[in-house]
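A.B. asks: Submitted below is the structure of interest, expressed as structure tokens.
The values are calculated or read from the model by the stated rules, or taken from the named source; none is laboratory data. None of the values given here were measured: they were computed from a predicted structure. All Cβ positions, glycine included, derive from the backbone under ideal geometry; neighbour counts span all protein chains shown. Ligands, DNA and RNA are stripped out before the accessible areas are found, and what is left, the full protein with its side chains, is counted by its heavy atoms. Shrake-Rupley method; radii C 1.70, N 1.55, O 1.52, S 1.80 Å.
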Amino acid sequence: MGYEAIMGLEVHAQLLTRSKIFCGCSTKFGAPPNTNTCPVCLGMPGSLPVLNREAVGMAVKAALALGCHVSAQSIFARKNYFYPDLPKGYQISQYELPLAQHGQAEVYSGERSAAGKIVNRKLKKFRIHRLHLEEDAGKSVHDLAEDTLVNMNRCGVPLIEIVSEPDFRSSQEAYDYLDYLRRTLIYIGVCDGNMEEGSLRCDANVSVRPSGREAFGTKIEIKNLNSLRFVQKALDYEIQRQVQVLTSGGQLRQETRLWDENNACTYVMRSKEEAHDYRYFPEPDLLPLEIDAAWLEEIRARLPELPEAKRARFVSQYHLSDDSALFLTYSPFMADYFERAWRVSGNAIATSNWIMGDLTRDLKVFGREIDESPVSAENLGVLVKIVGSGQLSTTMAKQVFEEMFKTGESPESVVQRTGMAQISDEAELQRVIRRVMESNREQVQAYRGGKIKLLGFFVGQVMKETRGQANPEKVNHLLKRELESS
Amino acid sequence: MKISCQDVEKIARLANLRFEEQEIEAFRAQFEKILSYMETLNELPSEGIPPTSHPVLPSRNESNAFREDDPKSSLPQDEVLANAPRPGKGHFRVPKVIEKE
């Protein structure tokens, strides 16, 4: 019997505010433990939360970028549970009346072939159920054998929780959606998208059902998915595990599991606090949040071009392939680099080839990002232009590029310093050709006697004389003319 | 409204509190009394009136009560941990909370 998998994702994204959501403590990552804390985020009696305006602005920006309807009024609620990283005994979140609802992400999503390549990419719509504001909890460190250590620096960092509808039918769809969400948040500048450091976290709900059946199967939640790759691997593992349990006549329990990267499997999370009754009620310490039309429009007006719109534009404006356009719009920094280089070079295809080829390869070797490239976009544009004009052969241009990458120089400066320039001047080439013919009279005779294959020999000699800098096309043309006019 | 001892026990468990049997019975009776008193509100015609979670609304006053996004200095670590019974490595230390199956 065939099974169908159904998945939904819950994504938590830390907002890039400088201070926490309800107090003035810094949100900076990596500070010594418990040094970015105060009576408010430590939940001391008598302290009161005051909402950070910027956190609201960023959450609204994300909601608009994801096509959500933003509520004119939303309310904060207390989610009550006991856990050591939650000093108040409740998390300030939103429950009824969240900040935003009913969004969607239009994602250029594909299928994974048996060889692991992504094929058949097309635009798919994945619905977003809701997006709300809340505070992050502290961080528990489980390294010690006996005890758990708790660091409250993260406690009170603003989060948005983005809950998808159960719209994913393959791990690739879930991967593509999460990737798109991450890129969108980076594009609009509200989250740095760093899954390893936990600024973007993902929980997944997975169930399977016999193909064609209407009712959902038992839903299992997976936590601890701190990279895009882990999400995909964990979902693949979990789908397989659930199908296996069902086909062997077993039953699934509703439970929370964790992904274990080292053993490449999920395992049941056992927590000593198992009260799944949060007794939400409106947070009495905070007024309802009101977002008027003027503020909404002000934020909407500041939205940049979003990843999918940019990808589509790159295809139509620059006539790039779908895959190239996806690559070049992966991050706003990459897209910006391409467009700045293109403005100088005027040649989109050649510019994209340089970026996707030599530049990406070298950046990878040195572990740098595109916005840290030693070759500026403008200099790459100039290089592409020089190659287009025939002043440099492709082989030479690659050498010039390597120098540019090493020193950060402009292509003109590298060419001047190394004397690397293609010789296209006919008079100069003719002088070299005559010299070569002079010292190889026998071969000239042979050529003229019909051994025209010797042309290659002459081209080689001219290249040797010019240290590879002669324009090969011109050399061919001129050699034939000289050899055939006895 | 009827409240059972199980209701009281559940609420106590969620609040991390433990009580003697007589205390539970006493709470049961008090809860019931309080809730019955609140039920007199049901006599009022309240259709069409939105639930009031807060007596004041920003729009009826001047504005939302916001804080600007300016980081302020935090407490020093030793003060933060001053009430912790047994801090460790600059952290609060608690009994282990997660176990592997």
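A.B. asks: Being open to solvent by 10 Å² or more (accessible area, probe 1.4 Å) and under 28 Å from the mean Cα position of the chain (by Cα) is the filter here; which residues of the range A:142-156 pass it?
C.D. replies: If the condition is that a residue be open to solvent by 10 Å² or more (accessible area, probe 1.4 Å) and under 28 Å from the mean Cα position of the chain (by Cα), then A:N153, A:R154 are the ones that fit.
A.B. asks: Among the residues of the range A:108-122, is any free of Cβ contacts under 8 Å to residues at least 40 places away in the same chain and among the polar types (S, T, N, Q)? Working first, answer last.
C.D. replies: Of all residues in the range A:108-122, those free of Cβ contacts under 8 Å to residues at least 40 places away in the same chain come to A:113-117, A:119-120, A:122.
Next, from what is left, pick out any that are among the polar types (S, T, N, Q): A:113, A:120.
Within the range A:108-122, one or more residues are free of Cβ contacts under 8 Å to residues at least 40 places away in the same chain and among the polar types (S, T, N, Q).
A.B. asks: Pick from the range B:71-94 the residues that are surrounded by 16 or more Cβ atoms within 10 Å (Cβ to Cβ) and part of a loop (DSSP other than H, G, I, E, B): which of them is nearest to the chain's Cα centre (by Cα)?
C.D. replies: That would be B:L81.
A.B. asks: Among the residues in the range A:214-228, are any open to solvent by 70 Å² or more (accessible area, probe 1.4 Å), at pLDDT 85 or above and either out of contact with any strand residue (DSSP E or B) (no Cβ under 6 Å at 6 or more places or on another chain) or outside any loop (DSSP other than H, G, I, E, B) (or both)?
C.D. replies: Scanning the range A:214-228, I find no residue that is open to solvent by 70 Å² or more (accessible area, probe 1.4 Å), at pLDDT 85 or above and either out of contact with any strand residue (DSSP E or B) (no Cβ under 6 Å at 6 or more places or on another chain) or outside any loop (DSSP other than H, G, I, E, B) (or both), so the answer is no.
A.B. asks: Can you tell me which residue is modelled with the lowest pLDDT among those in the range A:120-142 that are within 10 Å of chain B (Cβ to nearest Cβ) and in a loop (DSSP other than H, G, I, E, B)? Don't jump to the end; show me each part of the working.
C.D. replies: Step one: of the range A:120-142, the residues within 10 Å of chain B (Cβ to nearest Cβ) are A:138-142.
Next, from what is left, pick out any that are in a loop (DSSP other than H, G, I, E, B): A:138, A:142.
Details: A:G138: 94, A:H142: 78.
Checked the range A:120-142; the qualifying residue modelled with the lowest pLDDT is A:H142.
A.B. asks: Of all residues in the range A:1-21, which are modelled with pLDDT of 95 or more and in a loop (DSSP other than H, G, I, E, B)?
C.D. replies: Result: A:L15, A:L16, A:T17, A:R18, A:K20, A:I21.
For (1) out of contact with any helix residue (DSSP H, G or I) (no Cβ under 6 Å at 6 or more places or on another chain); (2) modelled with pLDDT of 85 or more; (3) open to solvent by 10 Å² or more (accessible area, probe 1.4 Å); (4) among the acidic types (D, E), each residue gets a yes or a no:
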| residue | (1), (2), (3), (4) |
| --- | --- |
| A:E173 | yes, yes, yes, yes |
| A:L181 | yes, yes, no, no |
| A:E197 | yes, yes, yes, yes |
| A:Q240 | yes, yes, yes, no |
| A:T247 | yes, yes, yes, no |
| A:Q254 | yes, no, yes, no |
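A.B. asks: I would also like to ask the following. Condition (residue is at pLDDT 75 or above, in contact with a Gly (Cβ under 8 Å, 6 or more places away or on another chain), part of a loop (DSSP other than H, G, I, E, B) and open to solvent by 50 Å² or more (accessible area, probe 1.4 Å)) applied to the range B:59-70: is it met by at least one residue?
C.D. replies: The first filter runs over the range B:59-70 and keeps only residues at pLDDT 75 or above, leaving B:64-70.
Now restrict to residues that are in contact with a Gly (Cβ under 8 Å, 6 or more places away or on another chain): B:67, B:70.
Narrowing the set further to residues that are part of a loop (DSSP other than H, G, I, E, B) leaves B:70.
From what is left, the residues that are open to solvent by 50 Å² or more (accessible area, probe 1.4 Å) are B:70.
Yes, the range B:59-70 has at least one match.
A.B. asks: Going residue by residue through the range A:243-259, is there one that turns out to be within 21 Å of the chain's Cα centre (by Cα), more than 14 Å from chain B (Cβ to nearest Cβ) and either among the aromatic types (F, W, Y) or part of a loop (DSSP other than H, G, I, E, B) (or both)?
C.D. replies: Initially, the range A:243-259 is screened for residues within 21 Å of the chain's Cα centre (by Cα), giving none.
No; the residues of the range A:243-259 include none that is within 21 Å of the chain's Cα centre (by Cα), more than 14 Å from chain B (Cβ to nearest Cβ) and either among the aromatic types (F, W, Y) or part of a loop (DSSP other than H, G, I, E, B) (or both).
A.B. asks: Here is a check on your reading of the model: is A:E238 part of a strand (DSSP E or B) and more than 14 Å from chain B (Cβ to nearest Cβ)? Working first, answer last.
C.D. replies: Details: part of a strand (DSSP E or B): no; more than 14 Å from chain B (Cβ to nearest Cβ): yes.
So A:E238 fails the test.
A.B. asks: Moving on. Looking at A:Q232, A:Q172, which one is part of a helix (DSSP H, G or I) and farther than 23 Å from A:V268 by Cα? I'd like the intermediate steps shown before the answer.
C.D. replies: Details: A:Q232 fails: farther than 23 Å from A:V268 by Cα.
Exactly one residue qualifies, and that residue is A:Q172.
A.B. asks: Cβ-Cβ distance below 6 Å, separation of 6 or more or different chains: which pairs start in the range A:30-53 with a residue that is facing chain B (nearest Cβ under 9 Å) and end on one that is surrounded by 20 or more Cβ atoms within 10 Å (Cβ to Cβ) and acidic (D, E)?
C.D. replies: Matching pairs, first to second residue: A:N52/B:D69.
A.B. asks: Further question on the same structure: Enumerate the helices (runs of 4 or more DSSP H) found wholly within the range A:311-409, keeping only those where 2 or more residues are hydroxyl-bearing (S, T, Y), open to solvent by 30 Å² or more (accessible area, probe 1.4 Å) and free of Cβ contacts under 8 Å to residues at least 60 places away in the same chain. Break it down into steps so the answer makes sense when it comes.
C.D. replies: On the way: elements: A:322-328, A:332-345, A:348-354, A:360-365, A:377-388, A:394-407.
Once the helices (runs of 4 or more DSSP H) in the range A:311-409 are filtered for at least 2 residues that are hydroxyl-bearing (S, T, Y), open to solvent by 30 Å² or more (accessible area, probe 1.4 Å) and free of Cβ contacts under 8 Å to residues at least 60 places away in the same chain, what remains is A:394-407.
A.B. asks: Looking only at residues in the range A:281-305 that are within 13 Å of another protein chain (Cβ to nearest Cβ) and part of a helix (DSSP H, G or I), which one is least open to solvent (accessible area, probe 1.4 Å)?
C.D. replies: Start the filter on the range A:281-305 by keeping residues that are within 13 Å of another protein chain (Cβ to nearest Cβ), which leaves A:281-295.
Still in the list and also part of a helix (DSSP H, G or I): A:293-295.
Numbers: A:A293: 73, A:A294: 72, A:W295: 21 Å².
That would be A:W295.
A.B. asks: Considering only residues of the range A:22-70 that are out of contact with any Cys (no Cβ under 9 Å at 6 or more places or on another chain), part of a loop (DSSP other than H, G, I, E, B) and closer than 22 Å to A:C191 by Cβ, which is most open to solvent (accessible area, probe 1.4 Å)?
C.D. replies: Restricting to residues being out of contact with any Cys (no Cβ under 9 Å at 6 or more places or on another chain), part of a loop (DSSP other than H, G, I, E, B) and closer than 22 Å to A:C191 by Cβ, the top hit is A:K28.
A.B. asks: Taking A:A446 as the residue in question, decide whether it is among the hydrophobic types (A, V, I, L, M, F, W, C) and touching a Leu at 6+ places or on another chain (Cβ under 7 Å). Working first, answer last.
C.D. replies: Working: among the hydrophobic types (A, V, I, L, M, F, W, C): yes; touching a Leu at 6+ places or on another chain (Cβ under 7 Å): yes.
Against the criterion (among the hydrophobic types (A, V, I, L, M, F, W, C) and touching a Leu at 6+ places or on another chain (Cβ under 7 Å)), A:A446 qualifies.
A.B. asks: Still on this structure, I have one more. Condition (residue is of a type outside the set (F, W, Y), within 13 Å of another protein chain (Cβ to nearest Cβ) and either more than 27 Å from A:Q172 (Cα to Cα) or surrounded by 15 or more Cβ atoms within 10 Å (Cβ to Cβ) (or both)) applied to the range A:109-119: is it met by at least one residue? Show your work before the answer.
C.D. replies: Step one: of the range A:109-119, the residues of a type outside the set (F, W, Y) are A:109-119.
From what's left, within 13 Å of another protein chain (Cβ to nearest Cβ): none.
Checking the range A:109-119: not a single residue is of a type outside the set (F, W, Y), within 13 Å of another protein chain (Cβ to nearest Cβ) and either more than 27 Å from A:Q172 (Cα to Cα) or surrounded by 15 or more Cβ atoms within 10 Å (Cβ to Cβ) (or both).
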